[in-house]
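The values are calculated or read from the model by the stated rules, or taken from the named source; none is laboratory data. Being a predicted model, the structure only gives us computed values, none of them experimental. So basically every Cβ, Gly included, is an ideal-geometry build from the backbone, and we count neighbours across all protein chains shown. Note: accessible area is taken over every heavy atom of the protein model, side chains too, but ligands, DNA and RNA are not part of it. Shrake-Rupley method; radii C 1.70, N 1.55, O 1.52, S 1.80 Å.
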Amino acid sequence: MGGGEKPQLIINGKRLDGRASDELRPLKIEVGAVKNAVGSAYIEWGNNKILAAVYGPKEALPKHVQDPEKAIIKCRYQMSPFSSLEDHGRTGPNRRSTEISKVTKEVFQNVMLLEQFPGAEMDLYIDVLQADGGTRAAGITAAAVAFAASGIPMTDIPFAVSVGKVGDELILDMNKIEDNYSDADMPVAISPRTGDILLLQMDGNMTKEEVRRGLEMIKKAGETISKVQREALRAPYEKTLDKYKK
Ligand code: CDP
């Protein structure tokens with residue numbers, strides 16, 4: 001949500017980039033972009049470009065952070081200095097990146113089988129190379145693929161997307177201009193197998209009915225997002241199979 005002259009975000013039922021209210025931006029995911037990582041994924045979602053890389057499990061350090069019962073997850077989300085027109089020149093974490101790192105970690109604490117690795121840590125890095133609204137959702141969606149590609153046992157491959165409100169209309173997967181001038185933004189992460197909500201944040205206000213409708217839009221979009229995630233995970237194996245077929 002932003003100040004200034006408010007542009008009209010929906011004209012004749014179409015959004016500024018031509019999308020319908022329940023339409024996702026183009027989504028592409030590629031596995032294995034970071035060779036040294038145990039698992040990695042690169043996502044292009046609209047104009048967002050994000051890398052997610054997973055390391056570990058390895059001994060958690062310093063020792064006092066270890067949990068003798070299970071592994072811990074460390075997550076560091078950050079925007080590169082050149083990721084948007086806003087100023088990112090200052091290095092190091094800020095309040096927003098600390099918050100996004102925390103909520104992202106909590107998503108994965110609910111799907112990774114942490115008890116299998118007592119005393120260990122798993123490190124998740126999410127680096128936003130280009131930002132255009134919805135980077136936390138895109139980062140979580142990419143990180144889920146990176147974790148799945150790492151082979152670390154997990155119960156499901158979560159996805160995330162946000163739904164926003166413009167006047168009385170709900171719009172799926174807002175870009176930055178929509179995010180700036182919308183009346184509300186609700187990013188959500190879901191475990192598609194169980195339907196469990198792993199993240200739900202709200203900036204602005206929605207009625208109970210709008211939240212219900214928004215969650216329905218998100219679940220529906222999840223079918224498409226999950227499919228892209230699974231195809232990305234299959235792609236390297238299919239390439240290898242193709243080689244043998246020739
Ligand atoms: O990215 P997400 O929507 O999860 O987070 P946000 O805090 O709602 O930010 C919305 C968008 O504003 C981001 O995706 C960026 O495009 C932009 N932004 C930025 O460029 N620099 C910041 N420090 C914060 C936000």
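Check Val166: other-chain or 5+ apart residues with amide H under 5 Å from its amide H, H built from backbone geometry?
Counting only residues 5 or more places away or on other chains, the set is Ile171, Asp183.
Calculate one ³J(HN,Hα) per residue across the stretch 112-117 by plugging θ = phi - 60° into the Karplus curve 6.51 cos²θ - 1.76 cosθ + 1.60, and present them in order as whole Hz with x for glycine and proline.
Rounded to whole hertz, the list is 7, 7, 5, 4, 6, 9.
Which percent of Cα-Cα pairs in the stretch 5-97 sits in each 5 Å bin, short to long?
P(r) over the stretch 5-97, rounded to whole percents: 2, 9, 12, 13, 16, 17, 12, 8, 4, 4, 2, 0.
Check which residues have an amide H placed less than 5 Å from Asp196's amide H, if you skip close sequence neighbours.
Excluding prolines and chain starts, which carry no amide H, the hits are Ser191.
Testing the spin-label approximation: label points 7 Å from Cα along Cα→Cβ at Leu241 and Lys63. State their distance in nm.
Rounded to a tenth, the inter-label distance reads 4.8 nm.
Carbon and sulfur atoms: what percent of the 1.4 Å accessible area of the stretch 19-245 do they account for?
Here it works out to 52 percent.
Taking only Cα atoms, what is the 0 to 90° angle, nearest 10, from helix 135-150's long axis to the longest principal axis of the chain?
20 degrees
Taking Lys243 as the anchor, which aspartates and glutamates have their alpha carbon closer than 12 Å to its alpha carbon, excluding any fewer than eight residues away along the same chain?
Qualifying aspartates and glutamates at Cα under 12 Å: none.
Kindly write out, for the stretch 20-35 in residue order, the coupling ³J(HN,Hα) from the Karplus curve 6.51 cos²θ - 1.76 cosθ + 1.60 (θ = phi - 60°), rounded to whole Hz, with x marking Gly and Pro.
For the stretch 20-35, the Karplus-derived couplings read 6, 4, 9, 9, 7, 6, x, 10, 9, 10, 10, 8, x, 5, 10, 5 Hz, x marking Gly and Pro.
What do you get for the angle between helix 95-109 and the principal long axis of the chain? Use alpha-carbon atoms, 0 to 90 degrees, nearest ten.
60 degrees
Pairs Lys58/Lys105; Lys165/Lys219; Lys70/Lys227; Lys74/Lys102; Lys35/Lys239: which are spaced more than 19 Å apart, C-alpha to C-alpha? Could the numbers behind the result be given before it?
On the way: Lys58/Lys105 17 Å; Lys165/Lys219 17 Å; Lys70/Lys227 31 Å; Lys74/Lys102 9 Å; Lys35/Lys239 17 Å.
From the list (Lys58/Lys105; Lys165/Lys219; Lys70/Lys227; Lys74/Lys102; Lys35/Lys239), the Cα-Cα distance tops 19 Å for Lys70/Lys227.
To the nearest 500 deg cm²/dmol, what mean residue ellipticity at 222 nm is calculated for the chain from DSSP H runs of n ≥ 4 alone, each contributing -39,500 (n - 2.57), summed and divided by the residues? Could you put the intermediate results ahead of the total?
Details: 4 runs with 75 residues, N = 246.
When only DSSP H runs of four or more count, the value is -10500 deg cm²/dmol.
How high is the relative contact order of the chain? Use alpha-carbon pairs under 8 Å, at least six apart in sequence, and give a whole percent. Kindly include the intermediate steps, with their values, before the conclusion.
Details: 509 pairs, mean separation 53.9, N = 246.
Computed over the chain, the figure is 22 percent.
Would you mind working out the accessible area per residue for the chain, using a 1.4 Å probe, and quoting it in Å²? Present the calculation step by step, with values, prior to reporting the outcome.
Working: 12900 Å² over 246 residues.
Value for the chain: 52 Å² per residue.
Taking one equal scatterer on every alpha-carbon of the stretch 19-245, how large is log10 of I(q)/I(0) by Debye at q = 0.11, 0.17 1/Å?
-0.54, -1.23
Mind checking which aspartates and glutamates have their C-alpha under 20 Å from Lys245, skipping anything on the same chain fewer than 8 residues away?
Glu231
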